[in-house]
1. Check Ile86 against each of (1) open to solvent by 10 Å² or more (accessible area, probe 1.4 Å); (2) under 21 Å from Arg238 (Cβ atoms); (3) not in a helix (DSSP H, G or I) and name the one condition it does not meet.
2. Is it true that Arg227 is open to solvent by 40 Å² or more (accessible area, probe 1.4 Å) and outside any helix (DSSP H, G or I)?
3. Could you say whether any residue in the range 44-54 is surrounded by 22 or more Cβ atoms within 10 Å (Cβ to Cβ) and modelled with pLDDT under 90?
4. Quick one: which residue in Phe112, Phe123, Phe158 is buried (at least 19 other Cβ atoms within 10 Å of the Cβ) and within 22 Å of Met229 (Cα to Cα)?
5. Go through the range 337-351 residue by residue and tally those that are surrounded by fewer than 19 Cβ atoms within 10 Å (Cβ to Cβ), without any contact (Cβ under 8 Å) to a residue 60 or more places away in the chain and in a loop (DSSP other than H, G, I, E, B).
6. Condition (residue is over 29 Å from Ile279 (Cβ atoms) and touching a helix residue (DSSP H, G or I) at 6+ places or on another chain (Cβ under 9 Å)) applied to the range 196-208: is it met by at least one residue?
7. Could you check how many residues of the range 256-286 are assigned to a loop (DSSP other than H, G, I, E, B), in contact (Cβ under 8 Å) with a residue 40 or more places away in the chain and open to solvent by less than 40 Å² (accessible area, probe 1.4 Å)?
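The values are calculated or read from the model by the stated rules, or taken from the named source; none is laboratory data. Predicted model, so just to flag it, every value in this text is computed and none were measured. Here the Cβ is made from the backbone with ideal geometry for all residues, glycine too, and neighbour counts use every protein chain on show. All accessible areas refer to the heavy atoms of the entire protein, side chains included, with ligands and DNA or RNA removed. Shrake-Rupley method; radii C 1.70, N 1.55, O 1.52, S 1.80 Å.
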Amino acid sequence: MLTGDQALTDFVRQRIRRDGPVTFAWFMEQALYHPGLGYYSSGRCSIGRKGDYFTNVSVGPLFGWLLATQFAEMWDSLGRPDDFVIVEQGAHQGDFARDVLIAAQKRDPDFFARLRYEIVEPFPILRSRQEETLRDFGSKVTWTRSVAELEPFCGVHFSNELLDAMPVRLISRIGDGWQERSVAEAGEGFDFVATPITDPALLRHLDTVPGQQATPYETEVNLAALRWMEQLAPKLTRGYVLAVDYGHSREDYYAPERSSGTLQCYSNHRILPSPLTEIGQIDITAHVDWTSLAERAQSCGLVVSGFTDQHHFMSGIVTTLMAAQFGANTDAATRRALQTLLHPEFLGTTFQFLGLTKDIAPGVPMSGFNFARDPRVALGL
């Protein structure tokens, strides 16, 4: 029996009955972001040990404290401007922003005095929760509804698990060609059907996909992330983009053995078998093709300055910027939190960090990438 939000299910069904099969990207967008009914837009999303999935912020304030130190180094590298903006997108309930601001206020008052925090948040219920979480910081925090509405800024755009939740197109290789996996009605629910690929942007992207896969082969293409980069890059006048997520270089993303793609659905820390059920009540994600994102960033005038996993990024910050704070007297709770963030069996290799810059002189350090490989080699650029 079909489960999920009934109003949202009916909305999707009506669209299919009117126009025929829909792209999975459209379906995923409604399931996650339909105003008031989607998994994220309704505020139904729950993270942490008692939620649907576990992320860096779930570990506690240490993640924000570590990144605050990296942001302060960025501010210093930019010449300590009087208006340094941290733009966060995908802020959920505002916990990361609170942790960063508390850390900056306590550890670097000069930096705190000159920073402004702006959250990109289109959904009223999430903005309301963020405002409550950040009420102690008053006018230090501002909001905007979209990247398109951002004023040009000097500083850093930061996101943690934003890109994996952007709607993806599903494709499958049949013989020597590709077809799109679209969504159609099937009885009381929905099912996938094969449709021809006619979108010029998707066809162009397929030219970059390695061709060594056998059939059948299914995978994803995140055109939304590429369009997002095209919108974001012009807004940054000088500074950084730092994206945290889970993904692969193009070579690994489209490896022959990854024949069923990376799309996953989560509820209560369980992986569910299909994204077409429990509509609006589960998380739907796909890994990031970091190479394609980096290439699009370069075409938009940004420089790829670093790429590494979380273990190496956090190790760079701790050893270079915070060594004195992680000595013999570090309390047990902080040590456990750091181990969770760093250890390869926990989150250390789950997440990767992509660093991009604009108008930053070559060789200016970003300590999180001190132990990283050459990003051009790692990403196959």
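1. The single condition Ile86 does not satisfy is (1).
2. No, not satisfied.
3. No: zero hits.
4. From the options Phe112, Phe123, Phe158, the qualifying one is Phe158.
5. Total meeting the criteria: 5.
6. yes
7. Of the residues in that region, 7 qualify.
Residue by residue, here is whether (1) exposed (fewer than 14 other Cβ atoms within 10 Å of the Cβ); (2) of a type in the set (Val, Ile, Thr); (3) touching a Gly at 6+ places or on another chain (Cβ under 8 Å) holds:
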position: Arg173; (1), (2), (3): no, no, no
position: Ser182; (1), (2), (3): no, no, no
position: Gly189; (1), (2), (3): no, no, no
position: Pro196; (1), (2), (3): yes, no, no
position: Thr219; (1), (2), (3): no, yes, yes
position: Arg238; (1), (2), (3): no, no, no
